[in-house]
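S.K.: Structure incoming, see below.
Only the coordinates and a few stated rules stand behind these numbers; no lab work does. Please read these numbers as outputs of a predicted model, since none were measured by experiment. Cβ atoms come from the backbone with ideal geometry, glycine included; neighbour counts cover every protein chain shown.
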Amino acid sequence: MTSFSVSNNQANGPTYDNIGFRHDEGRSPSYSPQQGIYPSFPQQAPSYVPMTPRTINTHHTVTPGKPHNTAQKKGIKKCHWKYILSAALCVLLVLAVVGLLLWYFLYYQCLLGKLCKSGGKCLSSSQWCDGVTDCSGREDESQCFRLHGTSFMLESYSSGSQRWMPVCPENWDNNFGRAVCEQIGYRSQDYVTYSQTSSGSLASKGYLKLKPGSDHESQIQSQLAYSQSCSARAVTLQCIECGQSSAAPSTRIVGGTEAVNGAWPWQVSLQISGQHICGGSIISPYWILSAAHCFQEYSRPDIWKVYSGDVSLLKMRFGTGKAVHKIINHAEYDSETNDNDIALLKLSTPLTFSRTVKPVCLPNFGVNLSAQRQAWITGWGALRSSGPAPDKLNQAQVTIYSRETCNSPAVLGGQVTQTMICAGKLEGGVDTCQGDSGGPLVVKEGGVWWLAGDTSWGIGCAWKNRPGVYGNVTYFIDWIYRQMQNE
Ligand code: 4AZ
């Protein structure tokens, strides 16, 4: 974490000219046959002598009143069949082309349906979350529940109306809550409770309600049915106790300060041979969220140890640290652009939560963690570019900027993609730095702390108009839960 002011003399970032597609106004109209080339059928036998259309009538003269000879009649018949045959061929060709185009767009490109990621099968939209597994990787039935907003309202995807709907608490109990949390990706041991909230405008289009006699051990979404009304409010779910800090952060805003124990209980230090390399955030007893670039050179899980529970690296070394069972880097991480800079570490044994070891909340759908929010960064990174790393965890408050501001030519000039967010102080002086990578960017909203980003990259540290760049955790939420479900 860096906390000093420097003036930045960097040249502005590159700009890109986006010359969009222009319709070709001078294009000739599509082909249409010229009038008068072919004789109108069946006035006369065709001549098989190659000729220009203009000469047709000069080769055969037909005397009025005189019967046509047999050859001429045969010629007419031949021509008749030829004409029908070529017309039929044309129709067949057109049908084949139309069929091919329909197949390409409707099935191959799956324009109207949804594509299975595994196997590439195209399903109709109503097959998604209908309780029947159609994709070989089960993804059509694996993400049919989500939590919405700061109230943690449960939503289920309705295959019938093809939208997310709140769940009515009628017939609901903790067994269903636990089963849904497990389906989302949490362990049943971590389940806290279910409750009820006002669904507000989200229920204006109805609810999904458990049918009487539903069984929590069977597929839950196939036991939910559409209901216009609900006697109670809507189900909220706490799948894990998350986002609770045990100590208030310093009220000082500008610059970094030393953190106290328990203020950021999700912060971990990822180490190799007793040396701090990267930061990370606890999201559940088994899972740490960090940055993919931390594991490019050191990709073997057995060389890493995860330390948690204290602001002092020295003190944490008295503990043993947790072994890493598996490192899951995002498959589309791009080390050139830093796109998709996110990784998950599965621990060999679960963490025991305490006052100083707790998970942060993963962003629920609809929680606004975007532009102009005040957020906090924490880490054991360098106090200045290429400077020494501290023993104590540092914290600083930053502003999350809109992608438009991040990408303006004077700031990061188009390098901030949708998988990233940028945050810092445009005036300079406060930022993450080497060694903070993988660590958290958090926002407090509705009384809990949400993980908005993982520290990824930057141009220098704390330079004016060069805010730090973070992995956009909201963007990765489906990816994160998919990994948690699969392991
Ligand atoms: C790094 O090298 C690094 N100023 C992390 C964050 C930032 C710069 C560098 C953001 O790990």
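S.K.: Quick one: 3J(HN,Hα) in Hz for the range 442-455, Karplus 6.51/-1.76/1.60 with θ = phi - 60°, rounded, Gly and Pro as x.
M.R.: 10, 10, 9, 8, x, x, 10, 8, 10, 7, 8, x, 10, 4
S.K.: With θ taken as phi - 60° and the coefficients 6.51, -1.76 and 1.60, list the Karplus ³J(HN,Hα) couplings across the range 118-131 in order, rounded to whole Hz; mark glycine and proline as x.
M.R.: 8, x, x, 5, 9, 10, 6, 4, 6, 7, 7, 6, 9, x
S.K.: So how do 91-102, 406-417, 139-150 stack up, highest first, on mean other-Cβ count within 10 Å? Intermediate results must be reported in sequence, preceding the final value.
M.R.: Numbers: 91-102: 10.2, 406-417: 18.3, 139-150: 20.6.
Peptide ranking by packing, descending: 139-150, 406-417, 91-102.
S.K.: Short version: ³J(HN,Hα) in whole Hz for each residue of the range 316-325, in order, from phi by Karplus 6.51 cos²θ - 1.76 cosθ + 1.60 (θ = phi - 60°), x for Gly and Pro, what are they?
M.R.: Taking θ as phi minus 60°, the curve returns 5, 5, 5, x, 9, x, 9, 6, 9, 7 Hz for the range 316-325.
S.K.: Next up: Taking each pair of distinct Cα atoms in the range 423-487 once, what is the resulting Kirkwood hydrodynamic radius in Å?
M.R.: Details: mean 1/r = 0.0770 Å⁻¹.
In the range 423-487 this quantity evaluates to 13.0 Å.
S.K.: Shifting gears a bit: Output the direction-averaged projected area (hull surface divided by four) of the convex hull of the alpha-carbon atoms of the range 265-347, in nm².
M.R.: 5.2
S.K.: Could you calculate the FRET efficiency of Q374 with L95 from 1/(1 + (r/R0)^6), where r is the beta carbon distance between them and R0 is 56 Å, rounded to 0.05?
M.R.: So the FRET efficiency works out to roughly 0.35.
S.K.: Name the residues whose placed amide hydrogens come within less than 5 Å of the amide hydrogen of Q244, ignoring near sequence neighbours (fewer than 5 apart) on the same chain.
M.R.: Amide H neighbours of Q244: W449.
S.K.: Under a point spin-label approximation (7 Å from Cα along Cα-to-Cβ), what is the R355-Q485 distance to one decimal in nm?
M.R.: Label at R355, label at Q485, 3.9 nm between them.
S.K.: How much length would be gained if the chain were fully extended between S231 and T133, taking 0.36 nm per residue of separation minus their Cα-Cα distance, in nm to one decimal?
M.R.: 32.1 nm
S.K.: May I pose another question? Can you list residues from other chains, or at least 5 along the same chain, whose modelled amide H is less than 5 Å from the amide H of W304?
M.R.: V324
S.K.: Once amide H atoms are placed 1.01 Å from N in the peptide plane, what residues at a sequence separation of 5 or more from H148, or on another chain, have their amide H within under 5 Å of its amide H?
M.R.: Counting only residues 5 or more places away or on other chains, the set is M153, L154, E155.
S.K.: While we're here: By per-residue mean of other Cβ atoms within 10 Å, what is the highest-first order of 274-287, 163-176, 466-479?
M.R.: Per-residue Cβ counts within 10 Å, averaged per peptide and sorted highest first, yield 466-479, 274-287, 163-176.
S.K.: Beyond a 19 Å Cα-Cα separation, which of these cross-linked pairs lie in this structure: K322/K444; K322/K358; K315/K392; K305/K326?
M.R.: K322/K444
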